[in-house]
Amino acid sequence: MDIRVIVPTYNEKENIADLVARLLALPINAQVIVVDDNSPDGTGQIADELARQTGRVSVIHRAGKLGLGTAYIAGFKKGLAEGADRLITMDADFSHDPSYIPGLVELSRYYHITIGSRYVPQGGVRNWEQHRRFLSWGANFVARSTLGLQAKDCTAGFRCYHREVLESINLDTIFSNGYSFLVEMLFKCQRAGFTTGEIPIIFANRERGTSKISQNEIFKAMYTVGRLALSRFKPRPKLSVSTLPAPPNSDRHVAGETVS
Ligand SMILES: Nc1nc2c(ncn2[C@@H]2O[C@H](COP(=O)(O)OP(=O)(O)OP(=O)(O)O)[C@@H](O)[C@H]2O)c(=O)[nH]1
Ligand SMILES: [Mg+2]
C-alpha cells in the first residue's frame, strides 16, 4: 500500500529532521510530503536536504504563508498524482506522535477517514493550558452540535484519508483555509457518505518552535460553522462510496456515521 504523510510546515526547523526520521523508521514504508511556506527559519532547506539524503521525502515550496488548508490540499494533490492509497496529515511539532500512525492505517481498513482523537476514551491532551483545552473543547462542541458531525474530535489534524475520499471531494470548493478547514473537510466527507473511525491519542503540547494559531481563527471558525450549517439545507451530493468491511468489535475506536 502506498502511504504518504503530509506535513505542513512553517518555521519548524527544530522539529522537521527528527520528525522525518521517526516517520521513515515506521514499519509501514511511508513517504513524506513536506509543504513548506517559505519558512523564514530555513525549514524548507532542511527538508530539501532530507529529500536528497533519504529519497523518501518530497518538498512542496510555496511562496509565503498561505495557510494550513491550502497546504494540505497541495499535499493531497501531489500524493494523489503519485498514486497514494492513503494520505495522512499531521503537524510537524510532535503534538501528533508518529507512533500512532500504524494504528490509524490499520483502522482505515474499515473506515474511509480515521482520526487520531483526543476526545474518545483513553485519548487526551498533555501540557495544554486551561484556555487551550476550553477552546478546543468548545470548538468541537459547537461543530458537532451545529453541524451534526459524528466524530468526537472534529478539529484534529491527525487523519488518514482513503484516496477515494480526496478524489471525490472537490478540494477546490473548500472555502476555509486555516484551522476551520479541518471542520469543513470532515463535514463535506461525512455528507458525501464517507465513514469515520477514531483511535485515541494523547496530544502533547509542542515543546519546540512556536504556535501559529491566531485569535483571528476563532472568528473564522465561527463563520465557517455558520456557513456550513446553512449549507445543510442544500441537497446532498450524490457520490458513489465504496463499502468497507465491518470493523471487528473493539473499544479502541469509535465509529462515525453519515450526517445529513
Ligand atoms: N505550510 C504551512 N504550514 C502551516 C501554516 N500554519 C501552520 N502550519 C503548520 O501546521 C502545523 C500546525 O500548526 P501549529 O502552529 O502547531 O498549530 P497548532 O497545533 O494549532 O498550535 P499549537 O498547539 O500551539 O502548536 C504545524 O506543522 C505548522 O508548522 C501555514 O500557513 N502554512
Ligand atoms: Mg501544534
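None of the figures in this text is laboratory data; all of them are computed from the coordinates on show. Here the structure is a predicted model, which means the values were calculated and not measured. Note that each Cβ is placed from the backbone with ideal geometry, even for glycine, and that neighbours are counted across all protein chains shown.
Residue by residue, what Karplus-based ³J(HN,Hα) values in Hz, rounded to whole numbers, does the range 154-159 have, using 6.51, -1.76 and 1.60 with θ = phi - 60° and x for Gly and Pro?
Couplings: 7, 9, 6, x, 9, 9 Hz.
Applying the Karplus parametrisation 6.51 cos²θ - 1.76 cosθ + 1.60 with θ = phi - 60° to the phi angles of the range 26-42, what ³J(HN,Hα) value in whole Hz is obtained for each residue in order, glycine and proline being reported as x?
Running phi through 6.51 cos²θ - 1.76 cosθ + 1.60 with θ = phi - 60° gives 5, x, 10, 6, 7, 10, 10, 10, 8, 10, 10, 9, 6, 3, x, 7, x Hz.
Residue by residue through the range 190-204, what is 3J(HN,Hα) from phi via Karplus (6.51 cos²θ - 1.76 cosθ + 1.60, θ = phi - 60°)? Round to whole Hz and write x for glycine and proline.
5, 5, 6, x, 7, 9, 10, x, 10, 10, x, 10, 9, 8, 9
Would you grab the residues whose amide H sits under 5 Å from the one on V125? Only those 5+ places off in sequence or on another chain, please, with H modelled 1.01 Å from N.
Amide H neighbours of V125, under 5 Å, 5+ apart: F203.
Among R86, R52, R144, rank each residue by its count of other Cβ atoms within 10 Å, from fewest to most, as a rough exposure measure. Walk me through the numbers before you get to the answer.
Values: R86 22, R52 10, R144 18.
Exposure proxy ranking, most exposed first: R52, R144, R86.
Any idea what the dipole of the range 3-236 comes to, in debye rounded to 20, about its Cα centre with Lys/Arg Cβ at +1 and Asp/Glu Cβ at -1? Provide the component values of the computation, followed by the final result.
Details: 29 positive and 23 negative charges, 159 e Å.
Here the range 3-236 has a charge dipole of around 760 debye.
If you place +1 on the Cβ of every Lys and Arg and -1 on the Cβ of every Asp and Glu, how big does the dipole about the Cα centre of the range 178-222 come out, in debye to the nearest 20? Don't skip to the answer; put the middle values down first.
Details: 6 positive and 4 negative charges, 25 e Å.
Result for the range 178-222 is approximately 120 debye, rounded to the nearest 20.
Greater than 20 Å separation of Cα atoms is the criterion. Which listed pairs, K13/K212; K77/K212; K65/K152; K188/K238; K77/K188; K77/K220, meet it?
Too far apart for the 20 Å limit: K77/K212; K65/K152; K77/K220.
Evaluate the distance, in nm, between pseudo-label points positioned 7 Å from the Cα of S240 and of E129 along their respective Cα→Cβ axes.
5.2
Among 62-75, 204-217, how do they line up by average Cβ neighbours within 10 Å per residue, starting with the highest? Don't jump to the answer; show the numbers that get you there.
Working: 62-75: 18.6, 204-217: 13.2.
Result, highest mean Cβ count within 10 Å first: 62-75, 204-217.
If you count the DSSP beta bridges with both ends in the chain, what percent of them are antiparallel, to the nearest 5? Write out the running numbers ahead of the final one.
Details: 9 of 32 bridges.
Taking every DSSP beta bridge within the chain, about 30 percent pair in antiparallel fashion.
Among the GluC sites (Glu not before Pro) within the range 50-155, which fall in a DSSP loop and have no more than 16 other Cβ atoms within 10 Å of their own Cβ?
Values: sites: E82, E106, E129; in loops: E82, E129.
Taking the range 50-155 and a limit of 16 other Cβ atoms within 10 Å, the loop GluC sites (Glu not before Pro) found are E82, E129.
Taking amide H positions as placed in the peptide plane 1.01 Å from N, state which residues far from C154 in sequence (5 or more) or on other chains have amide H under 5 Å from it.
none
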